[in-house]
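Notes follow the structure.
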Amino acid sequence: QVQLVESGGGLAQAGGSLRLSCQASGSIFSANVMGWYRQAPGKERELVATITTFGGTIYATSARGRFTISRDNAKNTVYLQMNSLKPADASVYYCTLDTATTDSWGQGTQVTVSS
């Protein structure tokens, strides 16, 4: 079983930055994809970005150019650097870790962006 603990959420002004972190623990298969999704009130959960063990990345159109996902495999940690934040980025951000057979989610961290 995998546990994911997110941190780094909070309040930022529009145009500002936040850095989210997510540390995984437990039975972690070495080949995996870690990522971030978000869900705003009344909206469906959506992909923000993912990164493979080998560094391959995928970004949502809304995140490309403003957000950067990275990971430290030795620490089983994934990061999301969010720059040029917009009010539309306000959501609960969820960390994920996927393997061929499992799909784990964190509890979420709130990001609020003031205009």
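The values are calculated or read from the model by the stated rules, or taken from the named source; none is laboratory data. Just so it is clear, the structure is predicted and the values come from calculations on it, not from any experiment. Cβ: placed from backbone, ideal geometry, glycine included. Neighbour counts: every protein chain shown. Protein only, heavy atoms only, side chains kept; ligands, DNA and RNA dropped before computing areas. Shrake-Rupley method; radii C 1.70, N 1.55, O 1.52, S 1.80 Å.
Assorted remarks:
- Only residues that are open to solvent by less than 30 Å² (accessible area, probe 1.4 Å), of a type outside the set (S, T, N, Q) and assigned to a strand (DSSP E or B) were counted in the range 19-47, giving 7.
- Checked against the criterion of being of a type outside the set (A, V, I, L, M) and loosely packed, with under 14 Cβ neighbours inside 10 Å, the range 74-81 has at least one qualifying residue.
- Residue match in the range 54-66 (condition: assigned to a strand (DSSP E or B) and open to solvent by less than 30 Å² (accessible area, probe 1.4 Å)): no
- Taking every residue in the range 58-76 that is small (Gly, Ala, Ser) and pairing it with any residue that is assigned to a strand (DSSP E or B) and open to solvent by 50 Å² or more (accessible area, probe 1.4 Å), at least 6 positions away or on another chain, the pairs with Cβ-Cβ distances below 7 Å are Ala60/Glu46; Ala60/Leu47.
- Filtering the range 79-111 to residues that are of a type outside the set (Gly, Ala, Ser) and touching a Gly at 6+ places or on another chain (Cβ under 7 Å) leaves Leu85, Val92, Tyr93, Tyr94, Cys95, Thr96, Thr109, Gln110, Val111.
- Subset of the range 70-115 that is modelled with pLDDT under 95 and of a type in the set (Val, Ile, Thr) - its residue that is farthest from the chain's Cα centre (by Cα): Thr101
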